[in-house]
There are 2 protein chains.
Amino acid sequence: MKAEECIISRREVAKLAGVSEATVSRVLNGVGPIREETKLKVLEAARQLNYVPNVLAQQLARRRSGNLGVILPYVPKVKLFSTYYFAEILSGIGETARRMGYDLLIIPLSPVEARSYTNLFQTQKVDACIMLGSQDSAEEREALRQLHEEGYPFCLVNQHFDDEPFKTIEADHVKGGQLAATHLIERGCRRIAFLNGPNVYSNSRDRMKGYSLALQEYGIELDEQLLYLGNYSRKSGYQYAGQLAEAIREGQVDGIVAANDRMAIGLLQGLREHGVKPGRDAALIGYDDAEGARFTEPQLSSVAVPFYEMGEQAAQWLLDSLHAPSFQPDAADSGEPAEHQGAKDAAQSVVRLPVRLVPRASSLRYPNWQGDS
Amino acid sequence: MKAEECIISRREVAKLAGVSEATVSRVLNGVGPIREETKLKVLEAARQLNYVPNVLAQQLARRRSGNLGVILPYVPKVKLFSTYYFAEILSGIGETARRMGYDLLIIPLSPVEARSYTNLFQTQKVDACIMLGSQDSAEEREALRQLHEEGYPFCLVNQHFDDEPFKTIEADHVKGGQLAATHLIERGCRRIAFLNGPNVYSNSRDRMKGYSLALQEYGIELDEQLLYLGNYSRKSGYQYAGQLAEAIREGQVDGIVAANDRMAIGLLQGLREHGVKPGRDAALIGYDDAEGARFTEPQLSSVAVPFYEMGEQAAQWLLDSLHAPSFQPDAADSGEPAEHQGAKDAAQSVVRLPVRLVPRASSLRYPNWQGDS
DNA sequence: TGCAACAATGTACGCGTGTACATTATGGGC
DNA sequence: GCCCATAATGTACACGCGTACATTGTTGCA
């Protein structure tokens, strides 16, 4: 009995209800005037047959997939979902998509094929797309530019491209870097090391900018010697521990800003192994306010970034723009005006959410450190 | 120029190549004998027009979506992606799906609609489905049973249902609970509290079983007073801190097994606030070996669970079974034989991956505790 | 009574693809 | 030169649904 239910379509419902297929479709979609009696007949027939519309056919007929694509970068050996950063953004996206009746289509980029994103849209698998963890490379920029020119709706999260009109939801990382550095300065640090991440991420560059601004504001000269480059992994923080421990002992460094909490935590653990205790011997502050920042000893000061909200807003904006009738891909015809429009959009295209300083014990510096026993 | 490219289909390619649409289809799918010359003509035309097949139409014609569904439970106020448990499993699923050419369709269950899963398959949105975080309730069991009866391919992860033939990938949590408790016993504990999670999860019950076995093995009587119930959140661990701190001081408790690391970490922090230091005043061990277990002070002993591999295996088995020609939903016709087959399957239907004890400082107990300064 | 307006429904086709079947070339053995 | 097996291609339709347009039924009003 159950076996046949797999293959019932609109036709069976129509037959049972004694109406045409079109009427069934109209009833189920609430389109056009329908006599109440007919409506009930159809609904009863559908219920009785346990009819469920074939979404694939609907998608083809409507030329909309109802899927929100999420592009995940390929990062070797990194379990992307497990990083605080992606997990939080994804949670925000997922919740919003669910609320708006969209499904999430996760598209992990494969390491080999450097295909352009346009294919993705041409296949119609997704109606819109959110780009996570994209890097500022020439190819990436070109691929996105093409996407934008063809009018496909997409949104970058936490990565902006200068001089491009791409819609972007990010956080104010210049401010964040400044907050972090200023915090250490106000706690008495003068020789502040900065452990940054790769420059292909705009947020790395922004934090660097903020760090510089803070130093400048307090008349502290930027010392290239104090700049370290990691890759946002805990290991890459850990590996600088020896070097920094020595610098701290020699008085060359009295404070450290790390560009994310993973590196900060790795560094913190390494420093302790070298007998240097952040919060006592030097001030340390991380970035992201990941959950782990509250687990360390001492607890890690950080800068909170509203990742969840960024995911929410990206999804919300994208799905709103799909429903808005304003979406006109015809702009490409008129050539130059499109250019101009792009420039106008640029003004509002980047949304920058505020970040927040979260001071904890790791950025204390003097013997008034409140440790236990 | 770019604008028109959005609407090219097989027809345009066929016209340009001077062949029929069927030939285009055959060339692109590598079906049937094709003259080399024709093949090149078609491929050249496709390239020239920048043709990309419409996946929606392919899905409809092939009656396969190419999507692997992942059901996420609705847990109020919890950002699912951000929990170690889900994140790791999802990473494993995602990586495997990518390798097998499938996309991941994330389906977060909404709080209200308690729809049956069969709808999901009937809509054809997914070819197979992985269930995460399902609970052992009567409705859930019934919904899954229906799914199984109708022959839809699905797989549970980290949750089994007794007496059901559902395919399941989980870990040996009985062993895990036993390992944890035995570890504490061997380190000298005799009054071991157990902070467990809700019983709707089979892994909670399994760990409890393992805990009991360990006590029994060492002739320690199980004391109901020492059983605590949390909900796997850090907060729910934290809230028992006062109670347990007192019990430890009074000598009522000398060791604690927590059913996951989140609760263990919350508890650890709470205990320290009450002046009780795990690893010195009492032994504490968590479960999952989440990343955060290495961040705490002292570092948290735990039981490592191969979540990533569980995700991999679930996806692998599911996608393999789709490609295998053995898949015959006709079994329902013959009635009882299906029952028998189910019983046979049951023997292999539950795959239980091994877990591993990870001893760290939190489960030490005596003054030989190796703290710093 | 006749006619217009509108409600309610049916018919027919498009969406873009896969593929069974029919048809036409091609070659080899006699 | 003929016939058959097979290669190569075209034709036609199905997949299941949305919807424009045609058709029929109903009502109100002159």
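The values are calculated or read from the model by the stated rules, or taken from the named source; none is laboratory data. Model, not experiment: these values are computed from the prediction. Here the Cβ positions follow ideal geometry from the backbone for every residue, glycine too, while neighbour counts run over all protein chains shown. In case anyone asks, the SASA skips ligands and DNA or RNA and just uses the protein heavy atoms, side chains included. Shrake-Rupley method; radii C 1.70, N 1.55, O 1.52, S 1.80 Å.
Specify which of the listed residues (B:Leu16, B:Leu28, B:Leu109, B:Leu60) is more than 26 Å from B:Gln124 (Cα to Cα) and open to solvent by 20 Å² or more (accessible area, probe 1.4 Å). Please lay out each step first, then the result.
Working: B:Leu28 fails: more than 26 Å from B:Gln124 (Cα to Cα); B:Leu109 fails: more than 26 Å from B:Gln124 (Cα to Cα); B:Leu60 fails: more than 26 Å from B:Gln124 (Cα to Cα).
Of the residues listed, the single one that is more than 26 Å from B:Gln124 (Cα to Cα) and open to solvent by 20 Å² or more (accessible area, probe 1.4 Å) is B:Leu16.
Filter region A:134-160 for residues that are at positive phi and more than 14 Å from chain B (Cβ to nearest Cβ) and give the result. Even if it seems obvious, please write down each step before you answer.
Here is the first cut: in region A:134-160, the ones at positive phi are A:151, A:158.
Passing the criteria: only A:Asn158.
Is at least one residue of region B:114-127 in contact (Cβ under 8 Å) with a residue 24 or more places away in the chain, away from DNA strand C (no atom under 16 Å from the Cβ), within 24 Å of A:Ala87 (Cα to Cα) and open to solvent by less than 30 Å² (accessible area, probe 1.4 Å)?
yes
When you scan region B:85-105, do you find a residue that is more than 30 Å from B:Gln313 (Cβ to Cβ), surrounded by fewer than 19 Cβ atoms within 10 Å (Cβ to Cβ), away from DNA strand D (no atom under 13 Å from the Cβ) and not hydroxyl-bearing (Ser, Thr, Tyr), even just one?
Of all residues in region B:85-105, those more than 30 Å from B:Gln313 (Cβ to Cβ) come to none.
Checking region B:85-105: not a single residue is more than 30 Å from B:Gln313 (Cβ to Cβ), surrounded by fewer than 19 Cβ atoms within 10 Å (Cβ to Cβ), away from DNA strand D (no atom under 13 Å from the Cβ) and not hydroxyl-bearing (Ser, Thr, Tyr).
Of the residues A:Val157, A:Val126, only one is over 25 Å from A:Arg63 (Cβ atoms) and of a type in the set (Val, Ile, Thr); which? Give the derivation first.
On the way: A:Val126 fails: over 25 Å from A:Arg63 (Cβ atoms).
The match here is A:Val157.
Can you name the helices (runs of 4 or more DSSP H) wholly within region B:1-80 that have at least 1 residues being within 13 Å of DNA strand C (Cβ to nearest atom) and more than 23 Å from A:Gln59 (Cα to Cα)? Can you show your working first?
Working: elements: B:10-17, B:21-29, B:36-49, B:55-62.
The qualifying helices (runs of 4 or more DSSP H) are B:10-17, B:21-29, B:36-49.
Report every pair of residues separated by at least 6 positions or lying on different chains whose Cβ atoms are under 9 Å apart, first residue within region B:24-53 and within 14 Å of chain A (Cβ to nearest Cβ), second outside any helix (DSSP H, G or I) and of a type in the set (Val, Ile, Thr).
Pairs that qualify, where the first residue is within 14 Å of chain A (Cβ to nearest Cβ) and the partner is outside any helix (DSSP H, G or I) and of a type in the set (Val, Ile, Thr), are B:Ala46/B:Val52; B:Leu49/B:Ile8; B:Asn50/B:Ile8; B:Tyr51/B:Ile8; B:Val52/A:Thr123; B:Val52/B:Ile8; B:Pro53/A:Thr123.
Residues A:Val42, A:Val31, A:Val19: which one is of a type in the set (A, V, I, L, M, F, W, C), within 10 Å of DNA strand D (Cβ to nearest atom) and not assigned by TED's automatic domain parsing to the domain that holds A:Arg141? Before the answer, list the steps.
Details: A:Val42 fails: within 10 Å of DNA strand D (Cβ to nearest atom); A:Val19 fails: within 10 Å of DNA strand D (Cβ to nearest atom).
Result of the check over A:Val42, A:Val31, A:Val19: A:Val31.
When region B:240-265 is examined, which residues are found to be over 23 Å from the mean Cα position of the chain (by Cα), not in a loop (DSSP other than H, G, I, E, B) and not hydrophobic (A, V, I, L, M, F, W, C)? Before the answer, list the steps.
Taking region B:240-265 and keeping what is over 23 Å from the mean Cα position of the chain (by Cα), we get B:240-256.
Filter once more, keeping what is not in a loop (DSSP other than H, G, I, E, B): B:241-249, B:255-256.
Residues satisfying the conditions are B:Gly242, B:Gln243, B:Glu246, B:Arg249, B:Gly255.
Please identify the pairs in which a residue from region A:273-291 that is within 22 Å of A:Phe307 (Cβ to Cβ) has its Cβ atom under 6 Å from the Cβ atom of a residue that is β-branched (Val, Ile, Thr), counting only partners at least 6 apart or on another chain.
A:Leu284/A:Ile256; A:Ile285/A:Val257; A:Tyr287/A:Val303; A:Asp288/A:Val305; A:Asp289/A:Val358
In this structure, is A:Arg272 charged (D, E, K, R), more than 22 Å from the chain's Cα centre (by Cα), in a loop (DSSP other than H, G, I, E, B) and closer than 17 Å to A:Ile256 by Cβ?
Values: charged (D, E, K, R): yes; more than 22 Å from the chain's Cα centre (by Cα): yes; in a loop (DSSP other than H, G, I, E, B): no; closer than 17 Å to A:Ile256 by Cβ: yes.
So A:Arg272 fails the test.
Starting from residues that are hydrophobic (A, V, I, L, M, F, W, C) and in a loop (DSSP other than H, G, I, E, B), keep the ones in region A:114-141 and report whichever is modelled with the highest pLDDT.
The initial filter retains those residues of region A:114-141 that are hydrophobic (A, V, I, L, M, F, W, C), namely A:114, A:120-121, A:126, A:128-132, A:138.
Imposing the further condition that a residue be in a loop (DSSP other than H, G, I, E, B) reduces the set to A:114, A:126.
Working: A:Ala114: 61, A:Val126: 95.
Among residues in region A:114-141 that are hydrophobic (A, V, I, L, M, F, W, C) and in a loop (DSSP other than H, G, I, E, B), the one modelled with the highest pLDDT is A:Val126.
Scan region B:65-93 and report the pairs whose first residue is among the basic types (Lys, Arg) and whose second residue is in a helix (DSSP H, G or I), with Cβ atoms within less than 9 Å and a gap of 6+ or a chain change.
Here the result reads B:Lys79/A:Ala87; B:Lys79/A:Glu88; B:Lys79/A:Leu90; B:Lys79/A:Ser91; B:Lys79/A:Gly92; B:Lys79/A:Gly94; B:Lys79/A:Glu95; B:Lys79/A:Tyr308, each pair linking region B:65-93 to a residue that is in a helix (DSSP H, G or I).
Just name the residue that is surrounded by the fewest Cβ atoms within 10 Å (Cβ to Cβ) out of those in region B:63-83 that are facing chain A (nearest Cβ under 7 Å) and of a type outside the set (Gly, Ala, Ser).
B:Lys79
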